[in-house]
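The values are calculated or read from the model by the stated rules, or taken from the named source; none is laboratory data. The shown structure was predicted, so the numbers you read here are calculated from the model rather than taken from an experiment. Counting neighbours? That spans all protein chains shown, and the Cβs are built from the backbone with ideal geometry, glycine included. These area figures cover heavy atoms from the full protein model, side chains too; ligands, DNA and RNA do not enter into them. Shrake-Rupley method; radii C 1.70, N 1.55, O 1.52, S 1.80 Å.
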Amino acid sequence: MNHFGHVIGCELRRRALRGSAAGRAVGLAWYGLALCAAAGATNIITSYSVRTWQTDDGLPQNSVYSIAQTGGGYLWVGTGEGLARFDGMQFTGLGEKAPPELQHGLITALCTDRDGSLWIGCDGYGVVHFKDGVYTRFSEADSLVSNHIRCLLLGADGTLWIGSEGGLTRYKEERFKNFAEKDNLAANSVRGLCEDQEGNLRIATLRGLNILDKAGIIHTFNIRLGTRANALKFVCADRQGRIWTGANEGINCVEGQTIRTYGMSDGLPDAIVLTAHEDRKGQLWIGTTHGVARMVQGRFVPWQKREGAFGDQVYTFFEDREGNLWAGGQDGLYCLDPARFTAYTTRDGLARNNVMSVCEDTGGTVWIGTWEGGLSRLKDNRITEVGTIPGLKDGKVLGLCEGRDGCLWVGLDHAGGVVRLKDNSQTQFVRSSGPFEGAVRVIREDRAGALWFGTSRGMSVFQAGRFHAYTTADGLAGNDIWALCEEPSGAMWIGTGGGLSRWEGGKFSRVVEAGAPGTSWVNALYLDSDDALWVGTRGAGLYRRKDGKWTAYTSRQGLFSDEIYEIVEDDYGCFWMTCRKGVFMLSRKQLDDLDKGQTRALACTVFGRADGLPSVQCNGVAKPAGWKGHDGRLWFPTIMGVVAAEPGIKSNEQPPPVVIEDVIADGVPLQPAAGSGTNSPSLKVPPGRGRLEVHYTALSYQAPERNRFKYRLEGVDPGWVDAGTRR
C-alpha cells in the first residue's frame, strides 16, 4: 500500500475500505467475481490458459527475470530495464525517488521480507531494501561479496541469503557474512538457493550443488562431475523432500544419494532447463529455453498450443497468495490460469465444429451431436465418429437421450427421424408425416417408460406400443417444442415457441398463472432439488416457480442476458446458463438475496475467449444444450466445438486488499501535510471548483478485469454507488 492508503486512513473491514478526507469519509467496497478452482475434484489433467503482458501493456521491458508480492498485495516485476509494480491491470513505475539503477537496470532477483518489505537484486548494483517508500542500498562497499546479484532467498528464520557472482552472502541482524570457494563452495558463481526439509541451505553453483548445514559447514554434492550437468542454473525442493536442479542436460532429481536426470526423451521441450517450481497442487513446473512443461502424476505434460501462446525462454515462476501462477520469460509476463473450459473441435476428431447437443451416458461416454457432421463419441479423451446409416453419418443431429435400457436415442433434422443406437446396432425410424415429420429437437423418457419426442411440428409420445401426436389443438402453447422437464409426480413441463405448457392427468394445458412467462418463447427448463422450476426464455429472461409463485429476473436486475438457451446447476449452488453471447454463471444465493431485498442487483460471472471458449456463441436449438457429467464437469455445445468447464470452479469469496492509490483535487495530486506522518488519518482538501478524484484498485489477480467496486462519500452519498469495474 502506498502512502495514500495510510494518509486517508484506509481500514479494510471484511469487504469495505473506509477512510477520511477533509472531514468526510470515502468508502470502497469490492464485490469481485474472480474465480478459483477447488482441488481434488477430479483426476483429469487440468488444461491451462495463459495471459501475457508486454511493453505495449506498460511492462518496462519484455524480459522478466523475477517476480515477488509484497505485504500490501502488489506484485513486483523485475525486468531487463527496471522494476515495476503491478495491480493486475496496470504497471506503475517507481517514481523519481527510486535510484536510477532500479528504474533502468537489470533486476535479477526479488524477495519479500517478513515485514512485507521488498529486497531487490540488481546486476552490477548490489541489493536494495525498499520499505515504507525508502530505498536502502547495500553493495561491495558494505561488505557484500559482489554487486552482481543472481538470486535471493529469505530463510525460515528470517535470514536473507544472497547469491552472486562472487559467492554466497548471509545478511542477519544487520551484518553480512560471505562464503566463497575458500569456504568449500564449489564455485563462486551462485545461481540458485533453497532450503530443504531439514532446514539446510541448498546452493546451486556453476560447478555443482552445495549444502550449508545448520552447523555452518559447506558440503559438495556433485551431479555428474566434469560434465555440463554440474553447471547448475537453479535449485528447488518439493514437498516430498526431493531436490531439483537444472542444467544444460535436463533436470535432475536428487532423492537422498540417488540422482535421476530427465531430458527431451522424457517430454521436456528442451534439454536446457532454466527454472522449476512446485505449485500448491503438487505440480512441478519446468521452464526451458524452448517453452514450459509440468510434471503431473509422475509424467511430463508439455505446454499445449491450444492453451495459448507462450514464449520460448522461461526464467522464473512465482505463485501469489491466491494461488495464481506467474511466469517470467524473454517475451513478457505470463499468468497461467487453470482453463475454465476445455474445447474439443475438429482438430481433436470432430467431423464438424457446429455442435448442437451433448450428453453423457451412464458408462461415461460423452455423445456429441453436430450439424452436418453426424454423431461423435468422446471416450478416454478420444473422439470417434459414430454412424454408418444414412442421416446419422454426416447428418444434422439434434436431440440426444439415453434410454433406460442403455440405448441412445438420436433426433435428426427434418424428415431424418430418430435413430436408436444399442450395442452395435443402429435402427432408424423415419416417416414423411406423423411423429417425425419435423426436426426432432428434444427427447425424454419419462418415469413410466413413455418416450417424448419434441419436434418443430408438435409433440409425439410413444406409449404402450403406439405413437400419439399432439399440437396446439390439444392444448399445447406452441407447436415448436424446445424443452421438456418432468416433475417427481410425473407431470411434464413443455417449453414451446408460444409459451409454457404442462401435461398432467392425461391432458395438456397452457400455463397462465400470474407472473408466468405467458407467451414468451421458452428455451430451457430445469427442476432443482427443492422442486423449484427454472425457466429460460428467448428475450424475457429467467423465471423461477416455487410453491406456485413465479419470480422473474431480467437484465434490468443484472442478468447477463435475457436470452437463455440452457440452465445447468453445478455442485456449488451456481447456475450456468448459455446464450449467443457466451456462458455465464450466477449463484442461487444471489437470486435468493434479491428476492429477500438483501441486494439490489445480480452480479453474473461471464465467460469468454479468455476462459478457453473458442467462440462465445453457444447453440440452443436442440437438447441437451448443456450437461453435468458424472465427474462434475459441465458440457456446452458451441458453434466452434463442444466445451467442458472443469469441476470445482466457484466464486472467490475472499475479499482482496483494496487500495487508494491517488487523491486528486481539481487536477492537483494531494500530499499529506508536513509532519502528519504516514499513519495520519487526515488529508486536507483545499477549496476549489469541487472536482475530487479518488483512484483505487483491488489487489486480486485471479480475474482482475472482473473485479467490481462500490464507493461512498459519507455525508454526501446516501448509499453505496456501484462503480462497476471502474477504478
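Using only Cα atoms, what is the ratio of the radius of gyration of the stretch 40-192 to 2.2 N^0.38 Å? Walk me through the numbers on the way to the answer.
Details: Rg = 16.9 Å, N = 153, 2.2 N^0.38 = 14.9 Å.
This ratio for the stretch 40-192 stands at 1.13.
Dipole size in debye (nearest 20) for the chain around its Cα centre, Lys and Arg Cβ +1, Asp and Glu Cβ -1?
On the way: 80 positive and 82 negative charges, 203 e Å.
Dipole magnitude for the chain comes out near 980 debye.
Roughly how many Å² is the accessible area per residue of the chain, as a whole number, for a 1.4 Å probe? Don't skip to the end; give the middle numbers.
Values: 30660 Å² over 727 residues.
Heavy-atom accessible area per residue stands at 42 Å².
Step through the table entries 507/623; 393/546; 422/581; 281/546; 546/581, compare each Cα-Cα distance with 31 Å, and write down the pairs that go over it.
Those over the limit are 393/546; 422/581; 281/546.
Using DSSP to call loops (not H, G, I, E or B), can you name the GluC sites (Glu not before Pro) in the stretch 134-200 whose Cβ has at most 12 other Cβ atoms within 10 angstrom?
173, 174, 198
Which of 324, 240, 583 sits closest to the plus end of the dipole of the chain, meaning its Cα is farthest towards the positive end, when Lys and Arg get +1 and Asp and Glu get -1 on the C-beta?
In the chain, that residue is 583.
Where the centre of each part is set by its Cα atoms, how far does the stretch 263-332 sit from the stretch 60-122, in angstrom?
Taking the Cα centre of each part, the stretch 263-332 and the stretch 60-122 sit 22 Å apart.
Measure out, as a whole number of angstrom, how far apart the alpha-carbon centroids of the stretch 553-579 and the stretch 447-519 sit.
So the separation of the two Cα centres works out to 23 Å.
Near residue 177, which lysines are there with a Cα under 17 Å away, not counting those fewer than 8 places off in the same chain?
Within the straight-line cut-off, residue 177 pairs with 214.
Considering the dipole of the stretch 92-185 built from charges on the beta carbon (Lys and Arg +1, Asp and Glu -1) around the Cα centre, which of 127, 107, 184 is farthest to its positive end?
Ranked along the dipole, the leading option is 184.
Over the stretch 449-589, one equal point on each Cα, no solvent: what is log10 I(q)/I(0) by the Debye formula at q = 0.13 Å⁻¹?
Normalising to I(0) and taking log10 leaves -0.54.
Mind ordering 528-539, 379-390 by average Cβ neighbours within 10 Å, highest first?
Taking the mean over residues of other Cβ atoms within 10 Å, the ranking is 528-539, 379-390.
With a 1.4 Å probe and all protein chains in place, put 148, 630, 290 in order of accessible area, largest first.
Working: 148 85, 630 130, 290 105 Å².
Reading off the accessible areas and sorting them downward yields 630, 290, 148.
Once the mean 1/r over all distinct Cα pairs of the stretch 357-479 is inverted, what Kirkwood radius in angstroms do you read off? Mind dumping the intermediate values first?
Numbers: mean 1/r = 0.0685 Å⁻¹.
Computed over Cα pairs of the stretch 357-479, the Kirkwood hydrodynamic radius comes out at 14.6 Å.
Charges only on Cβ, +1 for Lys and Arg, -1 for Asp and Glu: so what's the dipole of the stretch 428-515 about the Cα centre, in debye to the nearest 20?
Using Cβ point charges on Lys, Arg, Asp and Glu, the stretch 428-515 gives about 200 debye.
Please give the direction-averaged projected area of the C-alpha convex hull for the stretch 181-310, in square nanometres with one decimal.
For the stretch 181-310, the mean projected area of the Cα convex hull comes to 8.1 nm².
Could you give the Stokes-Einstein D for the stretch 265-343 in µm² per second, using the C-alpha Kirkwood radius, 4 °C, 1.567 mPa s? Can you show the working numbers first?
Values: Rh = 12.8 Å.
So the translational diffusion coefficient is about 102 µm²/s.
Can you tell me the relative contact order of the chain? Whole percent, Cα pairs under 8 Å, sequence separation 6 or more.
Relative contact order, the chain: 13 percent.
How large is the translational diffusion coefficient of the stretch 94-180 in µm² per second when you combine the Kirkwood radius over alpha carbon pairs with Stokes-Einstein at 37 °C and 0.692 mPa s?
Once the numbers are plugged in, D ends up at 256 µm²/s.
From the gyration tensor of the Cα coordinates in the chain, what semi-axes in whole Å does the equivalent ellipsoid have, largest first, with each one equal to sqrt(5λ)?
Working: eigenvalues 645, 245, 62 Å².
Whole-Å semi-axes of the equivalent ellipsoid: 57, 35, 18.
Calculate, axis by axis, the spread of Cα positions in the stretch 229-387 along the three principal axes, and write the results as whole Å, longest axis first.
Between the extreme Cα coordinates on each principal axis of the stretch 229-387 lie 58, 34, 31 Å.
Tell me what the chain gives for mean residue ellipticity at 222 nm when only DSSP H runs of n ≥ 4 count, each as -39,500 (n - 2.57), the sum divided by the residue total, rounded to 500 deg cm²/dmol.
-500 deg cm²/dmol
Taking 0.36 nm per residue of sequence separation and subtracting the Cα-Cα distance, how much length would be gained by fully extending the chain between residue 206 and residue 427, in nm to one decimal?
Working: separation 221, 0.36 × 221 = 79.56 nm, distance 6.98 nm.
Fully extending the segment from residue 206 to residue 427 adds 72.6 nm.
In whole Hz, what ³J(HN,Hα) sequence does the stretch 580-587 give by Karplus (6.51, -1.76, 1.60; θ = phi - 60°), x for Gly and Pro?
Once rounded to whole Hz, the list reads 6, 9, x, 10, 9, 10, 8, 7.
What's the long-distance tail for the stretch 374-429, i.e. % of Cα pairs beyond 15 Å?
Of all Cα-Cα pairs in the stretch 374-429, 44 percent lie more than 15 Å apart.
What number does the stretch 519-662 give for Rg over Rh if you use C-alpha atoms and the Kirkwood radius?
Taking Rg over the Kirkwood Rh, I get 0.98.
Using packing as a proxy for protection, rank 72-83, 317-328 so that the peptide with the highest average count of other Cβ atoms within 10 Å comes first.
Per-residue mean Cβ counts within 10 Å order the peptides as 72-83, 317-328.
Which of the peptides 94-100, 357-363 is most tightly packed, and how do the rest follow, judged by the mean count of other Cβ atoms within 10 Å per residue?
Highest-to-lowest ranking by the protection proxy: 357-363, 94-100.
Given the convex hull over the Cα atoms of the stretch 94-138, what projected area results after averaging over all orientations, in nm²?
Average of the hull's projected areas for the stretch 94-138 equals 2.9 nm².
Answer with one residue from 716, 698, 118: the one whose Cα lies farthest towards the positive end of the charge dipole of the chain, charges on Cβ with Lys, Arg +1 and Asp, Glu -1.
Value: 716.
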